[in-house]
Amino acid sequence: MSDSIAMGVERDLAAWLNYLENLHPMAIDMGLERVKTVQQRMGLFPRCLVITVAGTNGKGSVCAMLTRILTIAGYKVGTYTSPHLLKYNERIAINGVPIDDQPIVESFVAIEAARQDISLSYFEFGTLAAVHQFMQQEVDVAILEVGLGGRLDAVNIFEPSVSGVVTIGIDHQAYLGDTREAIAIEKAGVYRPRKAALCADPYPPQSLIDTAHAIGANLQLIGVDFGFEMQAEGQQWVWWDKTGVRKNALPIPALRGKYQMANAAMALGLLEAVKAQLPISLGDIKRGLLEVEWPARFQVLPGRPVVVLDVAHNPHAAAVFRASLDNMGFHPVTHAVLGMMQDKDIEGVIKLVADRIDVWHVAAPNLPRAAQASVLAELIAAHSPLARVIQCESIEKAYQSACEMANEADRILVFGSFYTVSEVMTARGH
């Protein structure tokens, strides 16, 4: 332990993050007892409304929509998301604006003093720090994105006013199980008795339904209890629920991709569940949908050739990514900049998009658990033998390679990991 950190005098966020990365023997440590004990010692029991959002994919987009709509409505909104793209501060935001280094450090100091001999993971430290800040800053509502799973995620120590599971796909099998049925049980762990419990997956596993009913949660399924209908030739939409509530003439969300419609329906369903405590107008909702921003979710950058950033890193996200690509205009050649982690279903991702990509520029992102370029190249060759594969020594070099080869009418796709997108954004000077 750093002496300055032990004494609570270290004021540098980077030093703290380095300390936290090496503090706990396991990067992911499922279980709530340790973090609950520190929560109790610190009295971290927020009085504000808490909206908890879980799901394999889409939860960040839902959190972004909720944040923008509630901010426009005049509420003070704390949002906790992970991972970050460029700066740790992105994880803890007030009204969509990442908080400064100093408040995060102050929260880390308080947690370090309270934990004593209890070991906490990097994510657990961050989760406690976020809620500590939200309480300090007296937010009206805290939006908490689950990091992994739900039942045993640190976010789940905080009691939600309403909770949602956006999608259920295969990811993090080592921790959550190998089937959608098993994974759904973990994600349904964020549901609570007698509280609204939403699910926006169009094909929810029976295990999620059974878990919700077993605890007496007020389960609401998309397409059954709430949902959306397109109107005005796809230029507007209607949100509805089975009680007869309808929100008409809603604008298409600013976040690209057809899948964002289900995410928007989920966001509005969560808001409907807490409307007695947090009333919002139809105007607030419309403006929020138009103004929402969430980087690297099928983000098309201005300029030519077209560059698309997407953090798709599992087969479920890759299928959605492919569908969004098919809705783009014609591009003679598609280049891909791909970097992935070893513990992901790399073959599953490549298989889903291989026939849409002509030239691959592959590299390992700059961290130990990244898959090597040779591994990516081998899997691409197996599924797309005619594609050209260029192995590069870094993501930045892979992006440079794509830019040098692409013509103005072509497109460059950057995907496979948050780290891949982050390194390209840094290379572009974001």
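Can you report the number of residues in region 33-71 which are out of contact with any Ser or Thr (no Cβ under 6 Å at 6 or more places or on another chain) and either among the charged types (D, E, K, R) or at pLDDT below 95 (or both)?
7
Scan region 307-363 for residues that are over 26 Å from Glu293 (Cα atoms) and of a type in the set (Val, Ile, Thr) and report the count.
6
Would you be able to say whether some residue in region 269-289 is in a helix (DSSP H, G or I) and either of a type in the set (Val, Ile, Thr) or closer than 24 Å to Leu376 by Cβ (or both)?
Within region 269-289, one or more residues are in a helix (DSSP H, G or I) and either of a type in the set (Val, Ile, Thr) or closer than 24 Å to Leu376 by Cβ (or both).
Restricting to region 191-206, and then to whatever is crowded, with 20+ Cβ neighbours inside 10 Å and closer than 18 Å to Ile168 by Cα, can you tell me which residue is farthest from the chain's Cα centre (by Cα)?
Looking at residues that are crowded, with 20+ Cβ neighbours inside 10 Å and closer than 18 Å to Ile168 by Cα, I get Pro205.
Regarding Ile5, is this residue out of contact with any Asp or Glu (no Cβ under 9 Å at 6 or more places or on another chain), of a type in the set (A, V, I, L, M, F, W, C) and modelled with pLDDT under 80?
For Ile5, the condition - out of contact with any Asp or Glu (no Cβ under 9 Å at 6 or more places or on another chain), of a type in the set (A, V, I, L, M, F, W, C) and modelled with pLDDT under 80 - is not met.
Test each condition in (1) open to solvent by 40 Å² or more (accessible area, probe 1.4 Å); (2) in contact (Cβ under 8 Å) with a residue 12 or more places away in the chain; (3) not aliphatic (A, V, I, L, M) for Gly329 and report the one that comes out false.
(2)
Quick one: is Val162 closer than 21 Å to Trp240 by Cα, among the β-branched types (Val, Ile, Thr), over 17 Å from the mean Cα position of the chain (by Cα) and open to solvent by 30 Å² or more (accessible area, probe 1.4 Å)?
Answer is no for this residue.
Which ones in region 68-85 are out of contact with any helix residue (DSSP H, G or I) (no Cβ under 6 Å at 6 or more places or on another chain) and aliphatic (A, V, I, L, M)?
First pass over region 68-85, keeping only residues out of contact with any helix residue (DSSP H, G or I) (no Cβ under 6 Å at 6 or more places or on another chain): 70-71, 74-76.
Within region 68-85, just Leu70 meets the criteria.
Quick one: in region 224-254, which of the residues that are of a type in the set (Gly, Ala, Ser) and surrounded by 15 or more Cβ atoms within 10 Å (Cβ to Cβ) is modelled with the highest pLDDT?
Gly227
Any residue in region 393-416 that is in contact (Cβ under 8 Å) with a residue 40 or more places away in the chain and at positive phi sitting within a Cβ distance under 6 Å of a residue that is of a type in the set (Val, Ile, Thr) and surrounded by 16 or more Cβ atoms within 10 Å (Cβ to Cβ)? List the pairs, counting only those 6 or more apart or interchain.
As it stands, the answer is none, since no pair meets every condition given.
So if I check each of Leu86, Leu32, Leu66, which one is under 14 Å from the mean Cα position of the chain (by Cα) and either surrounded by fewer than 22 Cβ atoms within 10 Å (Cβ to Cβ) or more than 14 Å from Phe123 (Cα to Cα) (or both)?
Leu66
Sort out which residues of region 279-299 are open to solvent by 40 Å² or more (accessible area, probe 1.4 Å) and not charged (D, E, K, R), and write them in order of number.
Result: Pro279, Ile280, Ser281, Leu282, Gly283, Leu290, Trp294, Pro295, Gln299.
So which residues in region 43-78 are more than 20 Å from Arg287 (Cβ to Cβ) and outside any strand (DSSP E or B), if there are any at all?
Gly43, Leu44, Phe45, Pro46, Arg47, Cys48, Gly55, Thr56, Asn57, Gly58, Lys59, Gly60
So if I check each of Gly55, Gly78, which one is in contact with a Phe, Trp or Tyr (Cβ under 9 Å, 6 or more places away or on another chain), small (Gly, Ala, Ser) and either touching a residue at least 12 places away in the same chain (Cβ under 8 Å) or open to solvent by less than 20 Å² (accessible area, probe 1.4 Å) (or both)?
Values: Gly55 fails: in contact with a Phe, Trp or Tyr (Cβ under 9 Å, 6 or more places away or on another chain).
Unique residue meeting the criteria: Gly78.
Tell me which helices (runs of 4 or more DSSP H) are completely within region 338-430 and hold 1 or more residues being more than 19 Å from Ala296 (Cα to Cα) and not aliphatic (A, V, I, L, M), or say none if there are none. Before you say what the answer is, go through the steps one by one.
Values: elements: 346-353, 373-383, 395-405, 418-427.
Filter on region 338-430 gives 346-353, 373-383, 395-405.
Looking for whichever is closer than 15 Å to Ala312 by Cα and either of a type in the set (Val, Ile, Thr) or buried (at least 16 other Cβ atoms within 10 Å of the Cβ) (or both) here; the options are Thr426, Thr420. Which one fits?
Of the residues listed, the single one that is closer than 15 Å to Ala312 by Cα and either of a type in the set (Val, Ile, Thr) or buried (at least 16 other Cβ atoms within 10 Å of the Cβ) (or both) is Thr420.
Can you tell me which residues in region 97-149 are hydroxyl-bearing (Ser, Thr, Tyr) and either at pLDDT below 95 or open to solvent by 30 Å² or more (accessible area, probe 1.4 Å) (or both)?
If the condition is that a residue be hydroxyl-bearing (Ser, Thr, Tyr) and either at pLDDT below 95 or open to solvent by 30 Å² or more (accessible area, probe 1.4 Å) (or both), then Ser119, Ser121, Tyr122 are the ones that fit.
The values are calculated or read from the model by the stated rules, or taken from the named source; none is laboratory data. Worth saying up front: this structure is predicted, and the values here are computed from it rather than measured. As a convention, Cβ positions derive from the backbone with ideal geometry for all residues, glycine included, and neighbour counts pool all protein chains shown. Ligands, DNA and RNA are excluded from the accessible area calculation, which covers all protein heavy atoms including side chains. Shrake-Rupley method; radii C 1.70, N 1.55, O 1.52, S 1.80 Å.
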